[in-house]
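**Q** Got a structure for you, written out below as structure tokens; questions coming shortly.
Coordinate-derived values only; no laboratory data. The structure displayed is predicted, hence computed values, not measured ones. With ideal geometry, Cβ positions are generated from the backbone for all residues, glycine too; neighbour counts draw on all protein chains shown.
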Amino acid sequence: MAHHPRVFSGVQPTGNLHLGNYLGAIRNWVTLQANYECIYCMVDLHAITVPQDPKVLRANTREVAASLIAAGIDPKTSIVFVQSQVSAHAELAWIFNCIARIGWLNRMTQFKEKAGKNRENATVGLYVYPNLMAADILTYRATHVPVGDDQRQHLELTRDIAQSFNSQFGVECFPLAEPVIIGTATRVMSLRDGASKMSKSDISEYSRINLVDEPDAIRQKVRKAKTDMEPLPSEPAGLEGRPEAKNLIGIFAALAEQPVEAVCREYGGSQFSAFKDALADLAIAKLGPITAKMRELRDDPGYVESILKDGAARADAIARPILREVQDIVGFLRA
């Protein structure tokens, strides 16, 4: 059974998006719009697997939606919506809870990382989070999912669930979604520690460049970014064992849409002070239009909510017939 090419991806509504989110995912989402039907979702059901302040969650959901639109996601071409506003996600997730095996979930490394030493106190929702992720993808029969390294295991589980459902009921209901990366997905590290990913949860504001940062803040953060004592190398091999240098050159290359080799050739032998000035100028030029659009959208929350309402209706129109088909396959009586 051939399935219509469709991309699905979601983002946690947990506060300001940063440069790592943009270069690692959102910029590629924008590119995918040219060749695929795209569905992009603020995954608030996933967010509540850990405690949230309800007012903050609502504000963050609007903010993240505004960030996606400001970065170039076209809500007329793509579908942009909030996960909890389409009930099919939760309904299909329960069916998948009855398809997935405990052994499969026990192998999920992200649960172990997020639960840490308090595994017995973690919520059931956090444990079955991958089943909900599978429902997110399969309720639209998405064929392609842009994923980073930390999500590949969950996509494999999604494929296992789809295959198991199809096999158990003797149908070809769900596609086996493929990972897709368009262009270069840059792994952006902390400006304070080249061995750690740039993160919203890092206590230091100087560890990340937020998409809402003013130019002066961006320049200050770049200037304070951790470096080493050696000049920049003239070729990528010279970045080995120098995580901070590798990170800054990688960010420059991604923003300039150039290979790392070209950046090393241009700045090889330079001191970090001169390179940081160039990097700050580039980051301000690239992020400035996004920040300006975000401010505009922040001042018009009604417009953002109207986009999300329209997106939820369009998403539900795709999801509802698929869910009904699944319910018939499983053997549920129709109301």
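**Q** Once both labels are modelled 7 Å past Cα along the beta-carbon direction, what's the K117-V171 spacing in nm?
**A** 4.7 nm
**Q** Okay, moving on. Answer with one residue from G269, P215, A280: the one whose Cα lies farthest towards the positive end of the charge dipole of segment 205-296, charges on Cβ with Lys, Arg +1 and Asp, Glu -1.
**A** Farthest towards the positive pole: P215.
**Q** With an 8 Å Cα cut-off and a minimum separation of 6 or more residues, compute the relative contact order for segment 205-296 in percent.
**A** Normalised by residue count, the contact order of segment 205-296 is 39 percent.
**Q** Quick one: Cα centre-to-centre distance for segment 144-179 and segment 21-71, in angstrom?
**A** Segment 144-179 and segment 21-71 have Cα centres separated by 22 Å.
**Q** Pull out the extension gain between A278 and L126, defined as 0.36 nm times the separation in residues minus the alpha carbon to alpha carbon distance; nm, one decimal.
**A** Separation in residues times 0.36 nm, less the Cα-Cα distance, equals 50.5 nm.
**Q** Could you pull out every residue, at least 5 positions away or on a different chain, whose amide H is within less than 5 Å of the one on G10? Hs are placed 1.01 Å off N in the peptide plane, and Pro or chain starts have none.
**A** C41
**Q** Going through segment 250-335, which trypsin sites (Lys or Arg not before Pro) have at most 11 other Cβ atoms within 10 Å and a DSSP loop state?
**A** R334
**Q** Using 0.36 nm per residue of separation minus the Cα-Cα distance, give me the extension gain between A285 and V56 in nm, one decimal.
**A** Working it through step by step, the gained length comes to 79.4 nm.
**Q** If you place +1 on the Cβ of every Lys and Arg, -1 on the Cβ of every Asp and Glu, and leave all else neutral, what size is the dipole of the chain about its Cα centre, to the nearest 20 Debye?
**A** It works out to roughly 480 debye.
**Q** Work out, in µm²/s and without decimals, the Stokes-Einstein translational diffusion coefficient of the chain at 25 °C, 0.890 mPa s, Rh from Kirkwood over C-alpha pairs.
**A** Diffusion coefficient, whole number: 115 µm²/s.
**Q** As an exercise, identify the trypsin sites (Lys or Arg not before Pro) in segment 9-99 lying in DSSP coil whose Cβ has no more than 11 other Cβ atoms within 10 Å.
**A** K76
**Q** For segment 295-310, take each phi angle, set θ = phi - 60°, evaluate the Karplus expression 6.51 cos²θ - 1.76 cosθ + 1.60, and give the result in whole Hz per residue in order, putting x for glycine and proline.
**A** Those phi angles translate into 4, 4, 6, 4, 7, 9, x, x, 5, 4, 5, 5, 5, 5, 5, 4 Hz.
**Q** In the chain, if the dipole is taken from +1 on Lys/Arg beta carbons and -1 on Asp/Glu beta carbons about the Cα centre, which of A225, Q153, L19 is farthest to the positive end?
**A** With unit charges placed on the Cβ atoms, the residue in question is Q153.
**Q** How big is D, in µm² s⁻¹, for segment 263-335 by Stokes-Einstein at 20 °C and 1.002 mPa s if Rh is the Kirkwood radius over C-alpha pairs?
**A** For these conditions, the coefficient is 123 µm²/s.
**Q** Work out the length of the dipole vector of segment 205-296 about its Cα centre, built from +1 on the beta-carbon of each Lys and Arg and -1 on the beta-carbon of each Asp and Glu, and round it to the nearest 20 debye.
**A** So the magnitude is around 240 debye.
**Q** Now, a different point. What span do the alpha-carbon atoms of segment 183-279 cover on each of the three principal axes, reported in whole Å from largest to smallest?
**A** 33, 29, 24
**Q** Tell me the angle of helix 243-256 to the major Cα principal axis of the chain, expressed in degrees between 0 and 90 and rounded to the nearest ten.
**A** 80 degrees
**Q** Give me the percent of DSSP beta bridges within the chain that run antiparallel, rounded to the nearest 5.
**A** Of those bridges, close to 15 percent are antiparallel.
**Q** If one takes the longest principal axis of the Cα atoms in the chain, at what angle in degrees, from 0 to 90 and to the nearest 10, does the Cα axis of helix 215-224 lie?
**A** Roughly 70 degrees between the two axes.
**Q** Right, next: Let me spell out the model: positive unit charges on the Cβ of Lys and Arg, negative unit charges on the Cβ of Asp and Glu, origin at the Cα centre of segment 13-100. What dipole size does that give, in debye rounded to 20?
**A** Taking the Cα centre of segment 13-100 as origin, the dipole is about 180 debye.
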